[in-house]
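Before I ask anything, here is the structure I am working with.
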Amino acid sequence: MLFGKKSTEVAPEPVTTAPPTDPARPGGKGRPTPRRRDAEAANRRPLVVDRKAQTAEQKAKVRAERARVREAMLDGEEKYLPARDKGPERRYLRDAVDTRWNVGEILLPAMILVLAISLLPFDWARGGTFLVAYALMLGGIVDCWLLWRRTRTRFTATFGHAPGRGSAWYVVLRAFQMRRSRIPRPAVDRGSELRRR
């Protein structure tokens, strides 16, 4: 019928039964498929190692390994260096800074001294020390500019191309660090000849 009642009868769904697994069959699993939740729980591992569960011997091994890796990084072993310090080009730039005296490396101790002198109750201590501080900062900037110009020229002559992006900041930041606090440690002496290693 066109406008009659719709039939509410639903056709029965065909019942399909999975064939029983045969343990003798080589291709069959012989067990039901685990639920996704159970499979994920079985593969879950803790993100943080439980330090309490570690023995004293394991902790000592981990500490010794960390100390060895840190020492190798400080010594400049290529394998343990971070990506920004790897390669012969970066080594050359580090050596360019380490073979000379830099105004920037005495800036921090000088600023501490200037601050201490400025606390003295004298007029000359307040005015004169700040002039010295500004002169030192200006001298450090000029010195770094000259260092970078010279290093860039020698780098281009040695490697056949200009230094990569970020090389200027790499040189300047190292020049402003005190020699003993540079990472990796300086591998060349002051006054030695700058050459590719």
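The values are calculated or read from the model by the stated rules, or taken from the named source; none is laboratory data. If you're wondering where the values come from, they're calculated on a predicted model, not measured in any experiment. All Cβ positions, glycine included, derive from the backbone under ideal geometry; neighbour counts span all protein chains shown. Ligands, DNA and RNA are excluded from the accessible area calculation, which covers all protein heavy atoms including side chains. Shrake-Rupley method; radii C 1.70, N 1.55, O 1.52, S 1.80 Å.
Could you give me the ³J(HN,Hα) list for region 179-185, computed from phi with Karplus coefficients 6.51, -1.76, 1.60 and θ = phi - 60°, whole Hz, x at Gly and Pro?
Once θ is set to phi - 60°, the couplings for region 179-185 become 4, 6, 9, 6, 10, x, 4 Hz.
Sticking with this one: Quick one: Karplus J couplings for region 156-164, per residue in order, coefficients 6.51, -1.76, 1.60, θ = phi - 60°, nearest Hz, x for Gly and Pro?
Ordered by residue, 3J(HN,Hα) equals 4, 5, 7, 9, x, 8, 6, x, x Hz.
So how exposed is THR99, as accessible area in Å² (1.4 Å probe, rounded to 10)?
Here the accessible area works out near 20 Å².
Taking only C-alpha pairs under 8 Å that are 6+ residues apart, what is the relative contact order of region 106-194 in percent?
For region 106-194, the relative contact order is 22 percent.
Classify region 67-183 from the C-alpha gyration tensor, please: rounded if a/c falls under 1.5, else prolate or oblate depending on whether a/b exceeds b/c.
oblate
With the crude spin-label approximation of a point 7 Å out along Cα→Cβ, what separation in nm comes out for ARG197 versus LEU115?
Here the modelled spin labels are 3.3 nm apart.
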